[in-house]
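One structure is given here, and the rest of the page talks about it.
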Amino acid sequence: MARLMALLGVVGVLVAGVLSLVLSRRVASSLGTIADETREIGRFRLDSKEPERSRISEISTLATAVEEMKTGLRSFQKYVPEELVRSLVESGQEAELGGARRELTVYFSDIIGFTSISEQLEPDQLVEMLSEYLEEMTGEILRRGGTVDKFIGDAIMAFWGAPRVHETPVRSACLTALANQARLGELRTGWEEAGLPPLRARIGMHTGEAAVGNFGSPRRLDYTAIGDTVNVASRLEGLNRIYGTEILISETTRLAVCGEMVTRPVDRVAVKGRSEGILVHELLGEVGKVREEVLQWRDAHAEALERYFEGDWEAAKGGFEAILEQRSGERSSALLHDRCVQLLAQPPEENWDGVYHAPK
């Protein structure tokens, strides 16, 4: 009996050991999978997955909680810049009030006549069109390393240079603007075929220092950029309606990409909030990808504009007239031609600097 009891004891210990080993491996495997998922969250990789299934209720509960956390973070990601959220998750720090001066290229876009277009559509049509437009436009911004700051109705504000440093912020911003206008042209074709009104957009961009960071109150923060650079970019977007252009950039932005992008000088303008004028340019395309007739028009306009700033309004007037003979609907040349006529009829004071003060 003693030997039997000893044998049964040994067998019981062995069975218990084997069962314990199997159970511990299963628990370790499940916990390892959950640990891998949390490491992925630390890298801000939030792909949806089926929660780890286990007969141990505590492990199933933990796996479900991890997936719920990922769902919450994916929703959070849609409200704030992805790079900002990634930085916060990786650092393990709580977002705090504060900002820093950074060199940014700021991008503003707005739909032309959106109010009147919205009155023509049913609410569901309007939501569908606007959603498609915003998805396509912001998708290109994100693909080229930009930060989508906010939507202001149908307007988009974005910038390059924060929260992560960008190697080619100005070039990427210019390529984004060109790509978005090209993509919008494709969308217009589809909308027109569906009997919907076509959407057109204006874009303004400026490069300079701005304060960027978390602004607001301790309970409600907004990651954004503020300052003169932002104001100028916004005003340049609005100037498009005066000159009949689609993409206007500042002289600072042009200088950063002068060997890579084709631009046309449009005018020297003092935008709202500024007393001094800046030279404004229209972005036409990448070097080597612009048609020859467009380059000839660019050169003719630049020469006439130079005569205008020199005060030789007769020569400038003739230059703009020659352009209008080829491009009768070109609004910027027509505006400058009319100014030449007015200046010839009523010469300005000696301190005339050629700066156009944009309407308030």
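The values are calculated or read from the model by the stated rules, or taken from the named source; none is laboratory data. All figures in this text were calculated on a predicted structure; none of them were measured in a lab. For neighbour counting, all protein chains shown are included, and Cβ atoms are generated from backbone atoms with ideal geometry for every residue, glycine included. Accessible surface is based on the protein model in full, side chains and every heavy atom, while ligands, DNA and RNA are left aside. Shrake-Rupley method; radii C 1.70, N 1.55, O 1.52, S 1.80 Å.
Observations, loosely collected:
- Segment VAL18-ARG164, extension gain: residue separation times 0.36 nm, minus the distance between their alpha carbons: 47.3 nm
- Applying a DSSP loop filter and a limit of 14 other Cβ atoms within 10 Å to the GluC sites (Glu not before Pro) in segment 295-360 leaves GLU349, GLU350.
- Relative contact order (%) - criterion: Cα under 8 Å, at least six apart; region: segment 226-360: 25
- Spin-label pair ALA100-ALA2: with each label point 7 Å from Cα along the Cα-Cβ axis, the two points sit 7.9 nm from one another.
- Shape of segment 145-294 from the C-alpha gyration tensor: oblate (a/c of 1.5 or more and a/b not above b/c, with a ≥ b ≥ c the square roots of its eigenvalues).
- Between LEU134 and ARG219, the modelled labels are 2.6 nm apart [label points 7 Å from Cα along Cα→Cβ].
- Scanning residues 5 or more positions from ASP149 or on other chains, those with amide H under 5 Å from its amide H are MET157, ALA158, PHE159, with H placed 1.01 Å from N in the peptide plane.
- In a DSSP loop and with at most 10 other Cβ atoms within 10 Å, the GluC sites (Glu not before Pro) in segment 138-224 are GLU167.
- Less than 5 angstrom separates the built amide H of ALA201 from those of ILE112, all sequence-distant by 5 or more or on a different chain.
- Heavy-atom accessible area, probed at 1.4 angstrom with all protein chains present, ranks LEU126, LEU248 as LEU126, LEU248, highest first.
- Phi-based couplings in Hz for segment 157-170 (Karplus 6.51, -1.76, 1.60; Gly and Pro marked x): 10, 9, 7, 10, x, 7, x, 9, 5, 10, 5, 10, x, 5
- Among the GluC sites (Glu not before Pro) within segment 227-269, those in coil by DSSP and having at most 16 neighbouring Cβ atoms inside 10 Å are GLU260.
- Amide H contacts of VAL262: LEU284, GLY285, GLU286, VAL287, each under 5 Å away and 5 or more positions distant or on a separate chain (H built 1.01 Å from N in the peptide plane; Pro and chain starts excluded).
- In order along segment 234-239, phi translates into HN-Hα couplings of 5, 5, 5, 4, x, 5 Hz, rounded to whole numbers, per the Karplus curve 6.51 cos²θ - 1.76 cosθ + 1.60 with θ = phi - 60° and x for Gly and Pro.
- In the full protein context, segment 274-360 carries 61 Å² of accessible surface per residue, based on a 1.4 Å probe and ignoring ligands, DNA and RNA.
- J(HN,Hα) series, segment 274-283, from Karplus relation 6.51 cos²θ - 1.76 cosθ + 1.60, nearest Hz, glycine and proline x: 10, 8, 8, x, 10, 7, 9, 10, 9, 7
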